[in-house]
């Protein structure tokens, strides 16, 4: 986690950002709860089909929520009351079903409140406690139903092989102890998240729930980053967007916003789809006014984020996304104006984004990135089997740097997820990761008619990943897992409807 260096005057402004984070987290939990209640109202048979939704379970979950509220209210006080309410609501829902427990866990690791709040033992245990809660609720359901069904696919096999290969690569690192610690802390957890998603999602309603959490979380991150930039980091108008914690780099947070954009568009897109009646009832397929509001706010915050971040990779990924929209349904003449307007809103700031950065800065950035890529290839050529070692690209960078035109030195990264894996894990490591990506892309292509948002997100975020070092972060593995299991659920639903 990056430390926050601010003046005493700015402490109050940072507190405003923290309060905004609390409010956004509460609204996300409220949105998830409201959406679920609305779904149960439209389809009451879903309650009867879930054995865990008994009256006694609901009463117990309510008391758990009340207990969580009192515990966290004593820690946070009135200032973080929205966060306390959000945690209480999330914990209360978590005890009803494993998928609700995972939704809370996913919300927390996206929001990352421990990176904005003052250090606290209670805040520090939030990610581990919520993760443990997922396993506890899942285990309780297995014990109650006396049935354990593990999902397995080629994607899972490739993931396990990739995890094993990178583990062997970590043993080859200069400091294997540090590399192994990083491996279990970062990539190991990403692998667990992937396996949890593919085994917890059982039906299309679970998919929609996690998409809501992803959209709400990424939208909230965008808003918080904009607020932080405007309130705290606005001393130099030409300065690029900055944030705190794991997503402090402007390229990272903007690329994630690109990943979530197709899912934000989906509730509105679904109402235009000819497949809506084969999957959901018409009332469920029709976009709610809240869906329109979220889409509008997401697009506006994304445009602002794109302008402030000045990220060429994100601009390219956005252009790819717009191209996919036009290629998908050329026969949509009646919708062409709406789509063209939406695309123009995103495309128009592109020229300002590129031109805002000084030409010398752009030239130096392009030169350095090419040097980083050449250095990564050079590492792979010298270490084709296991690479230079997991996490050792920064440590080995200057040892393999041959270009004197570099303006950046020291510990650097590859600025490409593919080349970072190639350099640190060799050609086999790249092959396994690339195979996982292509299999997930194939899954997304199979359901492109019913759910094009997965294909749009895979391609656009895959484009952004080519310019960022997201190889081990949990975000791509969330997308891979959600695409994999969603394809299975949707294809199974399609086959069963055809057999009726």
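Would you call residue 143 in contact (Cβ under 8 Å) with a residue 60 or more places away in the chain, part of a helix (DSSP H, G or I) and either touching a helix residue (DSSP H, G or I) at 6+ places or on another chain (Cβ under 9 Å) or not assigned by TED's automatic domain parsing to the domain that holds residue 212 (or both)? Give the derivation first.
On the way: in contact (Cβ under 8 Å) with a residue 60 or more places away in the chain: no; part of a helix (DSSP H, G or I): yes; either touching a helix residue (DSSP H, G or I) at 6+ places or on another chain (Cβ under 9 Å) or not assigned by TED's automatic domain parsing to the domain that holds residue 212 (or both): yes.
No.
Among the residues that make up region 147-165, is at least one of them in a loop (DSSP other than H, G, I, E, B) and touching a residue at least 60 places away in the same chain (Cβ under 8 Å)?
Yes, the conditions are met somewhere in region 147-165.
Condition first: part of a helix (DSSP H, G or I) and out of contact with any helix residue (DSSP H, G or I) (no Cβ under 7 Å at 6 or more places or on another chain). Now tell me which residues in region 174-187 satisfy that.
Start the filter on region 174-187 by keeping residues that are part of a helix (DSSP H, G or I), which leaves 176-187.
Across region 174-187, the qualifying residues are 177, 178, 181, 182, 184, 185, 186.
Look at residue 78 and say whether it is out of contact with any strand residue (DSSP E or B) (no Cβ under 8 Å at 6 or more places or on another chain) and either in a loop (DSSP other than H, G, I, E, B) or within 22 Å of residue 474 (Cβ to Cβ) (or both). Step through it out loud before you land on a result.
On the way: out of contact with any strand residue (DSSP E or B) (no Cβ under 8 Å at 6 or more places or on another chain): yes; either in a loop (DSSP other than H, G, I, E, B) or within 22 Å of residue 474 (Cβ to Cβ) (or both): yes.
Yes, satisfied.
Kindly establish whether residue 117 is under 30 Å from residue 24 (Cα atoms) and either touching a strand residue (DSSP E or B) at 6+ places or on another chain (Cβ under 7 Å) or outside any helix (DSSP H, G or I) (or both).
It is true that residue 117 is under 30 Å from residue 24 (Cα atoms) and either touching a strand residue (DSSP E or B) at 6+ places or on another chain (Cβ under 7 Å) or outside any helix (DSSP H, G or I) (or both).
Taking the conditions exactly as written (farther than 29 Å from residue 71 by Cβ, surrounded by fewer than 21 Cβ atoms within 10 Å (Cβ to Cβ) and in contact (Cβ under 8 Å) with a residue 60 or more places away in the chain), does residue 169 satisfy them or not?
On the way: farther than 29 Å from residue 71 by Cβ: yes; surrounded by fewer than 21 Cβ atoms within 10 Å (Cβ to Cβ): no; in contact (Cβ under 8 Å) with a residue 60 or more places away in the chain: yes.
The answer is no for residue 169.
Okay, residues lined up against (1) outside the structural domain of residue 468 (by TED's automatic domain parsing); (2) crowded, with 16+ Cβ neighbours inside 10 Å; (3) closer than 16 Å to residue 316 by Cβ; (4) at pLDDT below 75:
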| site | (1), (2), (3), (4) |
| --- | --- |
| 335 | no, no, no, yes |
| 349 | no, yes, yes, yes |
| 358 | no, no, no, yes |
| 364 | no, no, no, yes |
| 391 | no, yes, no, no |
| 395 | no, yes, no, no |
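Would it be correct to say that residue 209 is surrounded by 19 or more Cβ atoms within 10 Å (Cβ to Cβ) and either assigned to a loop (DSSP other than H, G, I, E, B) or at pLDDT below 95 (or both)?
Yes: the conditions hold for residue 209.
The values are calculated or read from the model by the stated rules, or taken from the named source; none is laboratory data. The structure presented is a predicted model; accordingly, all values stated were derived computationally and were not measured. In this analysis, Cβ positions are derived from the backbone assuming ideal geometry, glycine residues included, and neighbour counts consider all displayed protein chains.
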